[in-house]
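The values are calculated or read from the model by the stated rules, or taken from the named source; none is laboratory data. On a predicted model such as this, the values are computed, not experimentally measured, just so you know. We place every Cβ from the backbone using ideal geometry, glycine too, and count neighbours over all the protein chains shown.
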Amino acid sequence: MIRKHHHLPWLVGVALAVRLLYVLAGSDVPPQDTPDYDEIAHNLLAGKGFVSSSNWFGHELRAWRAPVYPMFLATVYGAIDDSHAAVRLVQAILGTVTVALIYLLTWRLQPAAAASAGWLAALYEPLVASTNEVMTEVLFTALLVAGVTLAVESRHRRGWRWPAAAGLVLGLAVLTRPVGLLAAVAIIA
């Protein structure tokens, strides 16, 4: 008898190894929005609040960015290390969780395609490369896939906890990148 998810341990191991190797290779990524997120995270840690001013000619902006990613950065900086290397390590783990969730989501929807979807996600270069960017993409993707997985799973479970968890996680995705509202509308439809 074959175990139900016999691909999952290998998939998770390879996904994590690929992401860690990519991070360790040290491919530099242009900073893009990283300075804003960093400044907000450091201001949160310093008790100055959710504010960015360095990149805006000294004018304080308090609602310029969605709040979850700067809070994520502040958590990593405060709990692990105040470095992009620490963020990239945590993002490698989040990217691996995303791969596992893609496998589980596909298994729930189309079991025969779960292994293929998981391996594609584990090795898909843009998903791997985003691990090295101090940007919202990895966290947003993890939250979005988790929310969709919970929403699909709630169709097969009784009670209110699964839909509530799906709503909470999708809400966090929206607060990471507002484009997540489109996913919420699609799930409701």
Handout entry: Residues (under 20 Å from Trp64 (Cβ atoms) and not β-branched (Val, Ile, Thr)) located in segment 173-189
Key = Ala173, Leu175, Arg177, Pro178, Gly180, Leu181
Problem - Checking Val29 against (1) among the β-branched types (Val, Ile, Thr); (2) in a loop (DSSP other than H, G, I, E, B); (3) modelled with pLDDT of 95 or more, the condition it does not meet - result: (3)
Problem - segment 86-129, subset without any contact (Cβ under 8 Å) to a residue 12 or more places away in the chain and farther than 13 Å from Val18 by Cα, residue surrounded by the fewest Cβ atoms within 10 Å (Cβ to Cβ) - result: Ala112
Problem - Filtered residues of segment 131-172 (kept if over 21 Å from Arg65 (Cβ atoms) and among the acidic types (Asp, Glu)) - result: Glu153
Fill in the blank from the handout: For Ile2, the lone unmet condition from (1) modelled with pLDDT of 90 or more; (2) among the aliphatic types (A, V, I, L, M); (3) farther than 17 Å from Gly95 by Cα is (1)
Exercise for the section: Please determine, by comparing only the residues of segment 1-49 that are aromatic (Phe, Trp, Tyr) and in contact with a helix residue (DSSP H, G or I) (Cβ under 6 Å, 6 or more places away or on another chain), which one is surrounded by the most Cβ atoms within 10 Å (Cβ to Cβ). Expected result: Tyr37
Fill in the blank from the handout: Being assigned to a helix (DSSP H, G or I), under 15 Å from Met135 (Cα atoms) and touching a Ser or Thr at 6+ places or on another chain (Cβ under 7 Å) narrows Tyr77, Tyr22, Tyr69 down to just Tyr69
Exercise for the section: Report those helices (runs of 4 or more DSSP H) wholly inside segment 84-165 carrying at least 1 residues which are among the acidic types (Asp, Glu). Expected result: 125-129, 137-154
Exercise for the section: Among the numbered conditions (1) under 22 Å from Leu8 (Cα atoms); (2) in a helix (DSSP H, G or I), tell me where Leu168 comes up short. Expected result: (1)
